[in-house]
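J.: Please find one structure pasted underneath; my questions will follow.
FYI, it's all coordinate maths here, none of it is from the lab. Remember, it's a predicted structure, so these values are computed and weren't measured experimentally. Here the Cβ is made from the backbone with ideal geometry for all residues, glycine too, and neighbour counts use every protein chain on show.
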Amino acid sequence: MEHILSILIFFPAVAAFVGFLVAKDSIRAYGIAVSIIEFIISLLLWSNFDTQNGGMQFMEMIPLVQAYGINYLVAIDGISLFLILMTTLMTMISLIGLTEKRELKNLIIAVLFLEMTMVAVFLCLDAIVFYMFWELSLVPMLYIIGAWGGNLRIYASIKFFLYTFTGSLVMLVGMLYLGYVYFQTTGIWSFSILEWNMLLLPFDMQLWLFVAFFLGFAIKVPMVPFHTWLPYAHGQAPTIGSVILAAVLLKMGTYGFIRFSLPLFPDASVYFTPVMAGLALIAIIYTAMVAYAQEDMKQVIAYSSVSHMGVIILGTFALNVEGIGGSIFLMISHGIVSGALFMLVGVIYDRRHTKLLSEFGGLAQVMPRYATIFGIMLMASVGLPLTIGFVGEFLSLLGFFKVSPLLTLLAGLTIILGAVYMLVMYKKAFFGTLSNEKNRTLEDAKGRELAALIPLVALVVILGIYPKPILNPVNKSVTQLVNIMQLKALEPVTKARIFSANSIGEAK
């Protein structure tokens, strides 16, 4: 177990290089085998993880640029553990359910390289190395969208790259400045997030640095008004690209807020909470209404992702254990549910080569298994109790209720609006008269499609009924995070705000 985190990071990349030597006829089986092994390694990590310890575990450090304190520093806690598990799971599931047929070898190799970068982002605790993997993740996704996407794939891929890369450059400036501030304070260069957490930054400096990091993370989430790249990326990406984009890449932004912004800039986090809440509410309500107006099934799910990410932002900036813990659980649940929904759209697109709702109707009559799975995922997406979607949404809103009952009430509209546009989409596609003759001979979900989707259905139900195995380790690490914020807070209003919102603080 000494180097298990490094194995998790670099095994997919090594396997990708070996993949160039694998015969084209065997590449699908090879890619699935590699992703299964990676998932098993992540399960082994979980089995050896001390769930009673909220701190960092399995830490590894290798000096890279000693003169400037840049190190290969990786570790894991309850916050990142389950994001790693979700990453390896959804990569495996997406490869099992892969529907693409052309240039399969290059696609699978790109996905394995992408898995390496995503896993590394959730494990790296050195800001420069974190940034390196953060930016590297753009390359394989740019390639996946640009090479296997739809008619507007070049436009969509370039827009995705320019938006995310530009925001990340501003974030890099903030990281470099923080490293300089640490040097000025201690006389030692360091880019370790753990050591940065000990810095007490002046309030004005926190504000500017919060904005710098905000641009990098908000574009990745994406938050309104930086969200316009996402519908194009989803609309043009192949199914496997949409699954991984929705399930994992978007969560890198919200993870960044939790790992960097909250502990490093606690006073600024409190100061900007009204702004963050306002942007989140706009995302929740506005994009839900836009989703309702869509005629493309994939676009409905794409806009719903922006709406649900708004709930995650609300929970994060509740700045208490319930809210942050709920937002992390919602990241996981949204990753599973949205990934499954995009995969389901891919199933019907593979058969009909269209995603327009007007082309469907009455599908439940000819594809009952497919309709059932779609219905279960749809219910989880709208937050039906006893599904995985309910737990995260409830805890996120419960956490923010301590901050503002009124805004939480408005945010609750996401459940109502989400139910409206999702149920309308389901009604158009699956109920009514089977009027289109092309749909009468459609084959129901089968084989590898069921092998990919049934495990996700099981997780949706099991974790909706019994979320404790995830919530307990997450909350222990979140408690430590909130305690760091309380200890570092300079402004009396910040101390009062975090203390009063934190149930553990109230118990003390």
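J.: Antiparallel versus total DSSP beta bridges in the chain: what percent is that, nearest 5?
T.: If we restrict to bridges inside the chain, about 100 percent are antiparallel.
J.: Neighbouring Cβ atoms within 10 Å as the yardstick, rank S435, S338 fewest first.
T.: S435, S338
J.: Still on this structure: For the chain, take the longest principal axis of its alpha carbons; what is the angle in degrees between that and the long axis of helix 413-430, to the nearest 10 within 0 to 90?
T.: 20 degrees
J.: Using only alpha-carbon positions, what ratio does the radius of gyration of the stretch 193-236 give when scaled by 2.2 N^0.38 Å?
T.: 1.61
J.: If you don't mind, there's one more thing I want to ask. By the gyration tensor of its Cα atoms, with a ≥ b ≥ c the square roots of the eigenvalues, what is the shape of the stretch 80-158: rounded for a/c under 1.5, prolate for a/b over b/c, or oblate?
T.: Judged from the Cα gyration tensor, the stretch 80-158 comes out oblate (a/c at least 1.5, b/c at or above a/b).
J.: Using the Karplus curve 6.51 cos²θ - 1.76 cosθ + 1.60 with θ = phi - 60°, work out ³J(HN,Hα) for each residue of the stretch 284-289 in order, rounded to whole Hz, and write x for Gly and Pro.
T.: Ordered by residue, 3J(HN,Hα) equals 4, 7, 5, 5, 5, 5 Hz.
J.: Okay, helix-only estimate at 222 nm for the chain: each DSSP H run of n ≥ 4 adds -39500 (n - 2.57), divide by all residues, round to 500 deg cm²/dmol; what do you get?
T.: Taking each H run of at least 4 residues, the total per residue is -23500 deg cm²/dmol.
J.: Still on this model: In sequence order, what are the phi-derived ³J(HN,Hα) couplings for the stretch 19-26 according to the Karplus relation 6.51 cos²θ - 1.76 cosθ + 1.60 with θ = phi - 60°, rounded to whole Hz, with x for glycine and proline?
T.: Listing the rounded values in order: x, 4, 8, 7, 4, 4, 5, 9 Hz.
J.: Need one number: nm distance between label points at V139 and Y349, each 7 Å from Cα along Cα→Cβ, rounded to one decimal.
T.: Each label point is offset 7 Å from its Cα along the Cβ direction, giving 2.6 nm.
J.: Tilt of helix 297-316 relative to the longest C-alpha principal axis of the chain, in degrees (0 to 90, nearest 10)?
T.: Between helix and principal axis, roughly 20 degrees.
J.: Quote to one decimal, in nm, the extra length available between A23 and L194 on full extension: 0.36 nm per residue of separation minus the C-alpha distance between them.
T.: So the extension gain works out to 57.1 nm.
J.: For the stretch 262-374, max minus min Cα coordinate along each principal axis, in Å, sorted largest first?
T.: 56, 24, 18
J.: Binned at 20 Å from 0, what are the whole-percent values of the Cα-Cα distance distribution for the chain, short to long?
T.: 24, 59, 16, 1
J.: Could you work out, for the stretch 1-92, what percent of all Cα-Cα pairs fall into each 5 Å distance bin, beginning at 0 Å and stopping at the bin that holds the largest distance?
T.: 3, 12, 20, 19, 16, 13, 9, 5, 2, 0
J.: Each residue of the stretch 11-16 in order: what ³J(HN,Hα) in whole Hz does its phi give by Karplus 6.51 cos²θ - 1.76 cosθ + 1.60, θ = phi - 60°, with x for Gly and Pro?
T.: 3J(HN,Hα) across the stretch 11-16, in whole Hz: 4, x, 5, 4, 5, 5.
J.: In 10 Å bins starting at zero, report the fraction of Cα pairs in the stretch 272-465 per bin as a rounded %.
T.: The distribution over the stretch 272-465 is 10, 37, 32, 16, 6, 0, given as percents.
J.: While we're on this one: Pulled fully out, how much extra length does the chain show between L44 and M132, if you take 0.36 nm times their separation in residues and subtract their Cα-Cα distance?
T.: Between L44 and M132, full extension yields an extra 29.0 nm.
J.: How about K159: which aspartates and glutamates have a C-alpha closer than 18 Å to its C-alpha, ignoring those fewer than 8 places off in the same chain?
T.: Answer for K159, where 18 Å is the Cα cut-off: E135, listed by chain and number.
J.: Among the listed pairs K402/K468; K220/K468; K220/K427; K428/K468; K101/K428; K251/K298, give every one whose C-alpha distance is greater than 25 Å.
T.: K220/K468; K220/K427; K428/K468; K101/K428
J.: Also: Any chance you could give the angle, 0 to 90 degrees and rounded to 10, that helix 127-136 forms with the longest Cα principal axis of the chain?
T.: Approximately 20 degrees, to the nearest 10.
J.: Also, I was wondering about something else. Roughly speaking, what is the stretch gain from V65 to L490, that is 0.36 nm per residue apart minus the C-alpha to C-alpha distance, in nm to one decimal?
T.: 149.7 nm
J.: Please compute the modelled spin-label separation between M1 and Y180, points set 7 Å along Cα→Cβ, answer in nm with one decimal.
T.: 4.2 nm
J.: Further question on the same structure: Fewest first, what order do V243, V300 take by the number of other Cβ atoms within 10 Å?
T.: Ranked by crowding around the Cβ, least crowded first: V300, V243.
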